[in-house]
1. Run down 31, 17, 82 and say which single residue is under 30 Å from residue 163 (Cα atoms), assigned to a helix (DSSP H, G or I), touching a helix residue (DSSP H, G or I) at 6+ places or on another chain (Cβ under 9 Å) and modelled with pLDDT under 80.
2. Pick from the stretch 435-444 the residues that are surrounded by fewer than 21 Cβ atoms within 10 Å (Cβ to Cβ) and touching a helix residue (DSSP H, G or I) at 6+ places or on another chain (Cβ under 7 Å): which of them is nearest to residue 411 (Cα to Cα)?
3. Sort out which residues of the stretch 1-10 are farther than 25 Å from residue 304 by Cβ and either at pLDDT 75 or above or part of a helix (DSSP H, G or I) (or both), and write them in order of number.
4. Only one residue in 284, 275, 175, 264 is surrounded by 14 or more Cβ atoms within 10 Å (Cβ to Cβ) and assigned by TED's automatic domain parsing to the domain that holds residue 22, so which one is that?
5. Of all residues being touching a residue at least 24 places away in the same chain (Cβ under 8 Å) and in contact with a helix residue (DSSP H, G or I) (Cβ under 6 Å, 6 or more places away or on another chain) in the stretch 279-288, which is nearest to residue 156 (Cα to Cα)? Just the residue, please.
6. Within the stretch 307-328, which residues are assigned to a helix (DSSP H, G or I) and out of contact with any helix residue (DSSP H, G or I) (no Cβ under 6 Å at 6 or more places or on another chain)?
7. Can you work out which of the residues in the stretch 385-415 that are over 20 Å from residue 224 (Cβ atoms) and modelled with pLDDT of 85 or more is surrounded by the most Cβ atoms within 10 Å (Cβ to Cβ)?
8. Of the residues that sit in the stretch 319-366 and are within 23 Å of residue 296 (Cα to Cα), touching a residue at least 40 places away in the same chain (Cβ under 8 Å) and more than 21 Å from the chain's Cα centre (by Cα), which one is surrounded by the fewest Cβ atoms within 10 Å (Cβ to Cβ)?
């Protein structure tokens, strides 16, 4: 089966990948300039953190709308709207006169990313065969993988020499290029289906996601446990409602496809681990090892670059060797890497080696697991499968970061009470143990997977 693609399709995918790239880039680059924002707007670190947490929350809330948007709105119009919304938020951020205006700009950017992220996957699913998807999603992975590492490095340099507002201004010409490319090449993938938006489902899912992530952030308190319990109540109500209504916001009936459901676990566990490590390692480097922000970000650079370059290779390998020969070694490499980080003496070198090895294992898993999960579904469920996968992926990333911060704080407090000098090194170790648990869960699911180049029968 041919793996060749038209130039039009490649340009379409790149134009959408740029928008997703910018969403992630802005998130990680702003994290590195937090001290500048705290000083200029006279706000606390907790307040500044909402520039990331708020972005992830609204992104997770917006993605469930994607089946409705993809099925009812012209694909090109939806793309243009996503870019214009993102540009609007970017301009607000660049010229923000208060922290509130800056936060609002970030939330608007999240809405734009929430529209583009599922659209990107849906176009790939609609315009390619199951044998081609791995290679094309690998190209997407290559583009998107560079964002988390370029964010801190470029963000630090831009803030140092030009000022933090140039982080936003830097993105504008790239977004305009994306808008022009997509406007010329994107085709309409709608099928003329009747589809109605259930408002009750949307608000219930939003309330559940927000209470869950906020509950994890405050897990060490009674308030956090209460929020998580409330989120489970919302989840139960949401599931019952989706099973009864004619046009569900998220078609959870597709979870009957076993390979799709197992695939969700193999997608979400690496996502939670990768974002947890991206949170833990810079703090370990700066607060535990005494490195500056730019050097701390350099620990992430080789591993992320190597993972990004491997992504299209592993995507192409998927259709040739199947999913198990990629995912099982990948999860084993990630597990051994986390054991190394937990038990080895913590230095700049060991953190660098451990992260490179971990990201190598993650590259074996990320694109093949996503491709295999979506291939398990009949074509009419492409939009539904993408919505569920994207929502859970973003939720897993936010949850991984939130839990990592809780474990870091718990370990640091425990070290302080025990009179241990380097509390952040000790605390980060607890975060590494959490990531080890994540990847072992993913390995257990991967052992049960089968390759789904042919549709799963139910």
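1. 31
2. 436
3. Of everything in the stretch 1-10, those that are farther than 25 Å from residue 304 by Cβ and either at pLDDT 75 or above or part of a helix (DSSP H, G or I) (or both) turn out to be 6, 7, 8, 9.
4. Matching residue, one of 284, 275, 175, 264: 175.
5. 282
6. 309, 313, 317, 320, 321, 324, 325 - these are the residues of the stretch 307-328 that are assigned to a helix (DSSP H, G or I) and out of contact with any helix residue (DSSP H, G or I) (no Cβ under 6 Å at 6 or more places or on another chain).
7. This residue is 385.
8. My answer is 347.
The values are calculated or read from the model by the stated rules, or taken from the named source; none is laboratory data. The structure presented is a predicted model; accordingly, all values stated were derived computationally and were not measured. Quick reminder, even Gly has a Cβ in these numbers, built from the backbone with ideal geometry, and neighbours come from all protein chains shown.
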